[in-house]
1. From the set of residues in the stretch 19-68 that are polar (S, T, N, Q) and in contact (Cβ under 8 Å) with a residue 60 or more places away in the chain, which is nearest to ALA129 (Cα to Cα)?
2. Quick one: HIS192 ticks every box in (1) modelled with pLDDT under 85; (2) within 30 Å of SER258 (Cβ to Cβ); (3) not acidic (Asp, Glu) bar one, so which box is it?
3. In the stretch 111-166, how many residues are within 14 Å of LEU89 (Cα to Cα), among the acidic types (Asp, Glu) and part of a helix (DSSP H, G or I)?
4. Considering the stretch 210-243 alone, what residues qualify as being closer than 18 Å to GLY39 by Cα and among the small types (Gly, Ala, Ser)?
5. If I go through the stretch 244-263 residue by residue, how many of them are surrounded by fewer than 17 Cβ atoms within 10 Å (Cβ to Cβ) and either closer than 21 Å to ASP38 by Cα or touching a Ser or Thr at 6+ places or on another chain (Cβ under 8 Å) (or both)?
6. Is it true that ALA233 is modelled with pLDDT of 80 or more, within 30 Å of LEU89 (Cβ to Cβ) and of a type outside the set (D, E, K, R)?
7. Pick from the stretch 10-31 the residues that are modelled with pLDDT under 80 and in contact with a helix residue (DSSP H, G or I) (Cβ under 7 Å, 6 or more places away or on another chain): which of them is surrounded by the most Cβ atoms within 10 Å (Cβ to Cβ)?
8. Just to be sure before I move on: is SER258 within 25 Å of ILE111 (Cα to Cα) and among the polar types (S, T, N, Q) in the structure I sent?
Amino acid sequence: MKDIRKIRTEELKLGNFAFMDLTGRDSKEWIGQPTLFDGVVFGFCLSGSFLFRINHREFRMTANEVFICLPRHLFTATGCSSDLSVKLLLVSPEYLYALPVSFGFDWLKHIEASPRLPLPAEKIADLTALYTLLERYDTDNKQAPPIRDALLLPFLLIIIAQVEPAATASGGSKVSRQEWLTRRFFELMSEHFESQRQVSFYADRLCITAKRLSAAVKETSGHTALEWLNEAALVEAKRCLRTTDLTVLQISEALHFSTASSFVRFFRQHAGCTPLEYRRR
């Protein structure tokens, strides 16, 4: 088994996103390679078929389908056809938060449940055209960033528009008890994470123990309930630091930390720097 390849957003060529092509002819280079990325991966299939695993869940992708892999989810390609052509766009969470698009936990909940989405052929054609233009402006030229921003927004909107319908369409299928608990946990978390980051709070509302809830979420998503709660708080803190003028104290109060110092300790532990250092980057 190959070692896990870890990609951090700081390693991306332009600091915010990068492009990758997966094809059947060079599959030996990437088949069986577990990859962990701390951003979001958007992939769309132009031809062929593609087998992959996100954490422990297996998926099969064919032409005119899209998949989304959330931050810190283990992605492994396990097989493909010889005529495969998949385009990948790796995007840092910070870049997504700065866009005028809502990426709330309802969106995350849908992706967690259904990471593979069908798209009409004309939408795939639109994504391909936008992707080609994005690659063209994959340069350090000073004029390139605003053009990339303008191109990335419709690219993401095409995909995002499919997320909720796809999740709704699959809502009637049978789910396991663990999957149901995880979905309910995400629903509750989207409402309460700013003020409640104790797993016991969510377990009580689901009438189970905190240990059982965390085990169910871990089995379904690859991360424990506490890890998701911490991630939610970190995401919101980063969004506030990058897109608002709120002080560190104000952000700590909005996220219901007991003191600004405890918030700074939390942020340094999970982000590797202080809130002000992050804001100045």
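The values are calculated or read from the model by the stated rules, or taken from the named source; none is laboratory data. Computed from a predicted structure; not experimentally measured. Virtual Cβ from ideal backbone geometry, glycine too; neighbours counted across all protein chains shown.
1. Looking at residues that are polar (S, T, N, Q) and in contact (Cβ under 8 Å) with a residue 60 or more places away in the chain, I get ASN64.
2. (1)
3. So the answer is 2.
4. Result: SER221, GLY222, ALA232, ALA233, ALA237.
5. Let us first name the residues in the stretch 244-263 that are surrounded by fewer than 17 Cβ atoms within 10 Å (Cβ to Cβ), namely 244-247, 249-250, 253-254, 256, 258-262.
From what is left, the residues that are either closer than 21 Å to ASP38 by Cα or touching a Ser or Thr at 6+ places or on another chain (Cβ under 8 Å) (or both) are 256, 259-260, 262.
Adding up the residues that qualify gives 4.
6. Details: modelled with pLDDT of 80 or more: yes; within 30 Å of LEU89 (Cβ to Cβ): yes; of a type outside the set (D, E, K, R): yes.
Against the criterion (modelled with pLDDT of 80 or more, within 30 Å of LEU89 (Cβ to Cβ) and of a type outside the set (D, E, K, R)), ALA233 qualifies.
7. Among residues in the stretch 10-31 that are modelled with pLDDT under 80 and in contact with a helix residue (DSSP H, G or I) (Cβ under 7 Å, 6 or more places away or on another chain), the one surrounded by the most Cβ atoms within 10 Å (Cβ to Cβ) is PHE17.
8. no
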